[in-house]
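I have placed the structure first, in the form of structure tokens, so that the comments after it can refer back to it.
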Amino acid sequence: MTSSPPQHPIDQITQRVDLLLQRYAQLQRTNGLLSEQVYALTQERDSLQSRLQTARAKVDALIERLPPTPEDAA
């Protein structure tokens, strides 16, 4: 039966630092992707708000063109 020799503390620290660096790189990639999604969703929201304002203006213009109803005259 062979057992692995105990690791030197420097080796343990090196391994942990390597894992931390990998995790940091992964988090940076994830953050970049999330930032891109936020930007895209912000652009989509702004576009939808603009379209909504245009639609409201058109509906308001159509309402103004309607003839008065008998209830309005009374």
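Bear in mind that the values in this text are calculations on the coordinates, not laboratory data. Every value quoted in this text rests on a predicted model; they were computed, and no experiment measured them. Don't worry about glycine lacking a Cβ; one is built from the backbone with ideal geometry, like all the others, and counts go over all protein chains shown.
Compute the helix-to-body angle for 9-65: its Cα long axis versus the longest principal axis of the chain, expressed 0 to 90° and rounded to tens.
On a 0 to 90 degree scale, this one is about 0.
Using Cα springs under 10 Å in a Gaussian network model of the chain, which residue among GLN28, GLN37, GLN15 shows the largest mean-square fluctuation?
It is GLN15.
Calculate the dipole size of region 12-64 relative to its Cα centre from +1 charges on Lys and Arg beta carbons and -1 charges on Asp and Glu beta carbons; express the result in debye to the nearest 20.
Once rounded to the nearest 20, the dipole reads 200 debye.
If you take the Cα Rg of the chain and divide it by 2.2 N^0.38 Å, with N the number of residues, what do you get?
2.81
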